[in-house]
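Below is one structure, written out as C-alpha cells, with a few remarks after it.
All of the numbers you see were taken from the coordinates with simple rules; none came from a lab. Small disclaimer: the values here were computed from a predicted structure and weren't measured. Methodologically, a virtual Cβ is constructed for each residue, glycine included, from the backbone with ideal geometry; neighbour enumeration extends over all protein chains shown.
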Amino acid sequence: MRSLDSFDRISLGVFPTPIHRLDNISAKLGTNVFIKRDDLTGLGLGGNKTRKLEFLLADAKKKGAELVFTTGGAQSNHAMLTAAACTRLGLKCILILKKRGVTERLGNQLLEYLMGTEVIFMDTDDYADIYEEMDRIGTQMGVPYYKIPCGGSNALGALGYVECVREITGQDRFDHLICAEGSGGTMAGLALGAKLFAPEMKVYGMMVDTDPFDVITPQLMREAANLLEADIEITPTDYILRDMCGPGYAIASKEGNEAISLLAGSEGIFLDPVYTGKAFAGLVAMAKEGTFGPDDRVLFLHSGGAGGLFAVDMS
C-alpha cells in the first residue's frame, strides 16, 4: 500500500487534535464517551475541512493554480475554511454558494467578509450549475484555476480522514467512532481508515442531508483506496449509516438543538445546528437504545462549525 506520507501536503492545521473523556456526558449516558477535537484544527474557527485542504491545496499549488473555487450552502464551513486557507497561502479564492440558508452577513458569511473573500450566490439546487459557472468565470479571468467540490469530498480530500484514523490509533483505542455525514468525504475517510488501521472499531455516519450516502460513501472509499493502492474490498459492513437529517439539510432539528444544549450545559463545548448537533443527537439516541455497553469506548468526532451558531435563532 502506498504510504499517506508520500502524498503532497501543505501544513495548515495543528495536529494531533486532542481527545478527552466527556465525564459528565458519560455519567448521563451510561457509557464512556470521548471527543476528538477537530474543531481545534487551528485554521479559521477550526473544523474537519482543514485535514482535507492540506491535500487538496497541495494539489492545487502543484498544478500551478492561482485561483481556487469551491461551493456549498450559504453557511458552508468548508467554504469559509477554504477561504481562510487560501488567504494564508496567497491564493485568490472565489466562493460560489447556493442561495440557500442565511445569506446575510452573519455566521460564516461574516467571517468571509472579514477575510475579503469574493462570494457569489446562485439560485440553484444543482451543483452542476455551479461547477459550470466556475469554469465560465475561470476561463474569463484567464488564470490557472482549481475547483474543489462541495465539502472537499473527493478521493484526495478523503485521505485527510484516513490520516485522522491513523492519528487516533496513536492516541488511544475505541470501540465506536461517530461523525456527521454531510457530503461524504469525512465519513468515507474515517471508514476506510478504520478498515486499514483499526478494523475492530465500528464507524457510524450520522446523515444530515438526504443525499444517497449508501452509494456515495463506498464510492469515495473505493476511490481513496485506489489512490492508496490498497488491495481491499469495500463492503456495506465497513460502516453504519443513520438518518439524522430531521426537517431538512441546514434546518435545525429539535433533537439536534437538545444535543447542542446537552453538551454545552454538561461540558462547556459548543456544537452547530447543521452538522455536529444532529450527529451528537444520534450518539445520544444510540446510547439510550442500548447500542453501547457500559465498558465501551465511544469517540465522537467534533468536526467544527461553531460559526453556524451565530446565524440561527435557537430560541
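Here the chain is assigned +1 on the Cβ of each Lys and Arg and -1 on the Cβ of each Asp and Glu. Its dipole about the Cα centre then comes out at about 620 debye.
Please report the spacing between the Cα centers of the stretch 277-313 and the stretch 1-56 in Å, no decimals. Going from one Cα centre to the other spans 15 Å. Among the GluC sites (Glu not before Pro) within the stretch 94-131, those in coil by DSSP and having at most 13 neighbouring Cβ atoms inside 10 Å are Glu104.
Rg and Dmax, both from the Cα atoms of the chain and both in Å, are 18.5, 60. Under a Gaussian network description of the chain, with springs only between Cα atoms under 10 Å, the residue in Ile137, Ile96, Ile260 that fluctuates furthest is Ile137. At q = 0.09, 0.15, 0.18, 0.22 Å⁻¹, what is the base-10 log of I(q)/I(0) for the stretch 46-182 according to the Debye formula with one equal point scatterer per Cα and no solvent? Please give it to two decimals. Normalising to I(0) and taking log10 leaves -0.28, -0.73, -1.01, -1.40.
If the cut-off is a Cα-Cα distance under 26 Å, which lysines reach Lys63, setting aside same-chain residues fewer than 8 apart in sequence? Output for Lys63: Lys49, Lys52, Lys92, Lys147. Legend: ranking of residues Tyr161, Tyr239 from fewest to most surrounding C-beta atoms inside 10 Å; resulting order Tyr239, Tyr161.
Residues whose amide H lies under 5 Å from that of Phe34, counting only those 5 or more places away or on a different chain, are Leu22, Val298, Leu299, Phe300; hydrogens are built 1.01 Å from N in the peptide plane. Applying the Karplus relation 6.51 cos²θ - 1.76 cosθ + 1.60 with θ = phi - 60° to the stretch 300-315 yields 3J(HN,Hα) values of 9, 7, 7, 8, x, x, 4, x, x, 4, 8, 10, 10, 9, 9, 6 Hz, where x marks Gly and Pro. For Gly72, the residues 5 or more places off, or on other chains, whose built amide H falls under 5 Å of its own are Lys98. Positive-end ranking of Gly307, Ile240, Val284 along the dipole of the chain, with charges on Cβ about the Cα centre, is headed by Gly307.
Only DSSP H runs of four or more residues enter the estimate; each adds -39500 (n - 2.57), and after division by the residues of the chain the mean residue ellipticity at 222 nm equals -12500 deg cm²/dmol. Each 10 Å bin from zero holds the following percent of Cα-Cα pairs in the stretch 144-283: 13, 39, 34, 12, 1.
Residue order for Ile94, Ile168, Ile148, fewest other beta carbons within 10 angstrom first, comes to Ile94, Ile168, Ile148. Mean-square fluctuations from a GNM of the chain, with a 10 angstrom spring cutoff on Cα atoms, peak among Leu81, Leu12, Leu227 at Leu227. Distances between placed amide hydrogens fall under 5 Å for Tyr146 paired with Leu67, Val68, Phe69, all partners being 5 or more residues away or on another chain.
Normalising the average separation of contacting C-alpha pairs (under 8 angstrom, six or more residues apart) by the number of residues puts the relative contact order of the stretch 49-152 at 38 percent.
Counted by Cβ distance under 14 Å from Asp126, the other residues give a net charge of -3, where Lys and Arg count +1 and Asp and Glu count -1. Placing unit charges on the Cβ atoms only, positive for Lys and Arg and negative for Asp and Glu, gives the stretch 49-152 a dipole magnitude near 480 debye about its Cα centre.
Taking θ as phi - 60° and the Karplus parameters 6.51, -1.76 and 1.60, the scalar couplings of the stretch 164-180 work out to 4, 5, 4, 5, 4, 5, x, 9, 5, 10, 9, 8, 9, 10, 10, 9, 6 Hz in sequence order, x denoting glycine and proline. In the stretch 52-119, the ratio of gyration radius to Kirkwood radius, Rg to Rh, stands at 0.97 when only Cα atoms are counted.
Karplus-derived 3J(HN,Hα) values for the stretch 96-105, using 6.51 cos²θ - 1.76 cosθ + 1.60 with θ = phi - 60°, are 10, 10, 5, 7, 9, x, 7, 9, 5, 6 Hz; glycine and proline are entered as x.
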